[in-house]
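Here's the structure we're looking at; comments come further down.
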Amino acid sequence: MTPTYALTTEGSGSGRGTDDCESVAGGNGDEERLARAGLSRVVEPGDLAALKTFDGLPPLEIWDRLQHNAPGLERWSTRLATADPHRDLERAAAAGARFVIPGDDEWPAEVEVLEEAGQLTRRAGVPFGLWVRGRANLRDAVTRAVAIVGARACSSYGEHVSAELSSGLSDNGLTIVSGGAYGIDAAAHRGALAAAGVTIAVLACGVDVSYPKRNSALLSRIAEDGLVVAELPPSCAPTKLRFLARNRLIAAITQGTVVIEAAVRSGALNTAGWAEQCGRPVLAVPGPITSRMSAGSHLLVRERNAVLATNVADIIEAISPFGTNLTQPPRAAPTLTDTLDPDLQRTLDAVPVHNPAPADRIAGTAGLDLPTTQQCLQTLATLTLITQTPTGWRLPPTPPPRSP
């Protein structure tokens, strides 16, 4: 059953929905939930000015100061007049969503890395709360999670790789996190859903807003079998800066970020930068050197020490604890000729393919004396690597290809 965090009419504990009255772990009161919901409406995600102004203040005090028009807070007064956290919580409930805050059972501890990551130059900070739509438990879903991001206008190659890797990772019990956009994001979500895995779409708008419109059906399917998550309250529209702020959440709640097809200047590389700031592994899937869409992935490998990822095993190894799930480099299967000593190899190389040659001619070609060559020829014949004819030695005929 999907937990809902509704307001109670008495007491300080925040309950779940009407069908599930267990109290929220941590005993978060209605006042704090209302304050955080209001702040998610008033304060833009990742607002560095807010981080500095409200540093060290609890949400209840921040909300109280804003409501009482405390000096120095005029920057946030524009939205305050229309902010109604009660209404936002009701809208969320109507959309099948809930507002998860620190202390709730579902709160993912992974986002706490944003307390420090990127605060000097980026849109940083821990969200006041997360609006979550879907039946899965957010904290459990991100315990083993991988972000897959990349170009919206991707190639068929990128789309195929995204779906295949997502499906393979889902088969290994990992949650796939992406941004719900066209291209690589959509392929990643679909790959996870096709494998009956869990996938999370982190949006730059409200969880009740289908953006992009053509992905409405996909987002609805994700909400049914996975989760749709946003930092912004219901009905909020996406903006460019909100996409950039959203990227920090994708990087923070996952154990690693995989970039598949990205231009040098792209949102995917922004997400990779956040992953670096959060101390998470960054992986890049290679593409054609002639493709502009793979230039960003190649840049990550060449300049920023990203791990080259070509299969599911590479990704699992990179996000696993040190020394576990190690992969072996690919090697060709050994053949019989790999084990031959140097004299046997030289003799075999000197045996003709078509026209048989006598032992003395083979000895001259191999640069060996005749007794050694004759001994080697007998050994190679025993191994069925050469054939003797009345006129000399030759390689055995290659069998014709089988008809389909």
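What number of residues in region 137-163 are at pLDDT below 95 and part of a helix (DSSP H, G or I)?
Count: 0.
For region 372-383, does any single residue satisfy the condition of being assigned to a loop (DSSP other than H, G, I, E, B) and within 19 Å of THR398 (Cβ to Cβ)?
Checking region 372-383: at least one residue is assigned to a loop (DSSP other than H, G, I, E, B) and within 19 Å of THR398 (Cβ to Cβ).
So which residues in region 168-180 are touching a strand residue (DSSP E or B) at 6+ places or on another chain (Cβ under 9 Å) and surrounded by fewer than 24 Cβ atoms within 10 Å (Cβ to Cβ), if there are any at all?
SER170
Residues of region 289-305 being in contact with a Ser or Thr (Cβ under 8 Å, 6 or more places away or on another chain) and without any contact (Cβ under 8 Å) to a residue 60 or more places away in the chain, which ones?
The answer is GLY296, and nothing else.
State whether the residues of region 72-91 include one that is assigned to a helix (DSSP H, G or I), among the aromatic types (Phe, Trp, Tyr) and crowded, with 16+ Cβ neighbours inside 10 Å.
yes
Any residue at all in region 331-350 that's free of Cβ contacts under 8 Å to residues at least 24 places away in the same chain, within 30 Å of VAL146 (Cβ to Cβ), surrounded by fewer than 10 Cβ atoms within 10 Å (Cβ to Cβ) and out of contact with any Ser or Thr (no Cβ under 8 Å at 6 or more places or on another chain)?
Scanning region 331-350, I find at least one residue that is free of Cβ contacts under 8 Å to residues at least 24 places away in the same chain, within 30 Å of VAL146 (Cβ to Cβ), surrounded by fewer than 10 Cβ atoms within 10 Å (Cβ to Cβ) and out of contact with any Ser or Thr (no Cβ under 8 Å at 6 or more places or on another chain), so the answer is yes.
Here's a check for you: in region 223-253, which residue that is in a helix (DSSP H, G or I) and under 16 Å from the mean Cα position of the chain (by Cα) is surrounded by the fewest Cβ atoms within 10 Å (Cβ to Cβ)?
Out of the qualifying residues, it is ALA252.
Condition (residue is modelled with pLDDT of 95 or more, outside the structural domain of ASN311 (by TED's automatic domain parsing) and among the polar types (S, T, N, Q)) applied to region 352-363: is it met by at least one residue?
No; the residues of region 352-363 include none that is modelled with pLDDT of 95 or more, outside the structural domain of ASN311 (by TED's automatic domain parsing) and among the polar types (S, T, N, Q).
Of the conditions (1) touching a strand residue (DSSP E or B) at 6+ places or on another chain (Cβ under 7 Å); (2) under 20 Å from TRP274 (Cα atoms), VAL111 satisfies every one except a single condition; which number is it?
(1)
Return a yes/no flag: does region 326-349 have any residue that is within 25 Å of GLN277 (Cβ to Cβ) and in contact with an Asp or Glu (Cβ under 8 Å, 6 or more places away or on another chain).
No, region 326-349 contains no residue that is within 25 Å of GLN277 (Cβ to Cβ) and in contact with an Asp or Glu (Cβ under 8 Å, 6 or more places away or on another chain).
Mind listing just one residue for me: the one in region 254-298 that is more than 19 Å from SER162 (Cβ to Cβ) and aliphatic (A, V, I, L, M) and, of those, nearest to the chain's Cα centre (by Cα)?
Out of the qualifying residues, it is VAL264.
Do we find a residue being part of a helix (DSSP H, G or I) and among the basic types (Lys, Arg) anywhere in region 259-277?
No, region 259-277 has no match at all.
THR324 versus (1) within 30 Å of VAL146 (Cβ to Cβ); (2) hydroxyl-bearing (Ser, Thr, Tyr); (3) outside the structural domain of GLY256 (by TED's automatic domain parsing); (4) surrounded by 13 or more Cβ atoms within 10 Å (Cβ to Cβ): which is the lone unmet condition?
Failed condition: (4).
Looking at LEU383 and the list (1) surrounded by 15 or more Cβ atoms within 10 Å (Cβ to Cβ); (2) under 58 Å from the mean Cα position of the chain (by Cα), which single condition is not satisfied?
Of everything listed in (1) surrounded by 15 or more Cβ atoms within 10 Å (Cβ to Cβ); (2) under 58 Å from the mean Cα position of the chain (by Cα), LEU383 misses just condition (1).
Can you tell which of SER210, SER166 is in the same structural domain as ALA109 (by TED's automatic domain parsing), hydroxyl-bearing (Ser, Thr, Tyr) and part of a loop (DSSP other than H, G, I, E, B)?
After ruling out the rest, the residue left standing is SER210.
Output the qualifying pairs, or none if there are none: Cβ atoms under 8 angstrom, residues six or more apart or on different chains, first residue in region 376-391 and within 13 Å of VAL353 (Cα to Cα), second residue of a type in the set (Val, Ile, Thr).
Here the result reads LEU385/THR337; ILE386/VAL351, each pair linking region 376-391 to a residue that is of a type in the set (Val, Ile, Thr).
How do the pairs read when you match residues in region 202-223 that are in contact (Cβ under 8 Å) with a residue 12 or more places away in the chain with residues anywhere that are of a type in the set (Phe, Trp, Tyr) and part of a loop (DSSP other than H, G, I, E, B), using Cβ under 8 Å and keeping only pairs 6 or more apart or on different chains?
LEU203/TYR211; ALA204/TYR211; CYS205/TYR211; PRO212/TYR182; ARG214/TYR182; ASN215/TYR182
For region 352-375, check the following and say yes or no: at least one residue is in contact (Cβ under 8 Å) with a residue 40 or more places away in the chain, surrounded by 15 or more Cβ atoms within 10 Å (Cβ to Cβ) and out of contact with any helix residue (DSSP H, G or I) (no Cβ under 6 Å at 6 or more places or on another chain).
Going through region 352-375, the residues in contact (Cβ under 8 Å) with a residue 40 or more places away in the chain turn out to be 352-354.
Restricting the remaining residues to those that are surrounded by 15 or more Cβ atoms within 10 Å (Cβ to Cβ) gives 352.
Subset that is out of contact with any helix residue (DSSP H, G or I) (no Cβ under 6 Å at 6 or more places or on another chain): 352.
Yes; the residues of region 352-375 include at least one that is in contact (Cβ under 8 Å) with a residue 40 or more places away in the chain, surrounded by 15 or more Cβ atoms within 10 Å (Cβ to Cβ) and out of contact with any helix residue (DSSP H, G or I) (no Cβ under 6 Å at 6 or more places or on another chain).
Taking ARG152 as the residue in question, decide whether it is surrounded by fewer than 22 Cβ atoms within 10 Å (Cβ to Cβ), of a type in the set (Lys, Arg) and over 27 Å from ASP47 (Cα atoms).
Answer is no for this residue.
Since ILE176 meets every condition but one in (1) more than 17 Å from the chain's Cα centre (by Cα); (2) assigned to a strand (DSSP E or B); (3) aliphatic (A, V, I, L, M); (4) more than 30 Å from ILE62 (Cα to Cα), which condition does it not meet?
Only one criterion in (1) more than 17 Å from the chain's Cα centre (by Cα); (2) assigned to a strand (DSSP E or B); (3) aliphatic (A, V, I, L, M); (4) more than 30 Å from ILE62 (Cα to Cα) is unmet by ILE176, namely (1).
The values are calculated or read from the model by the stated rules, or taken from the named source; none is laboratory data. Keep in mind that this is a model prediction, so the values were computed, not measured. All Cβ positions, glycine included, derive from the backbone under ideal geometry; neighbour counts span all protein chains shown.
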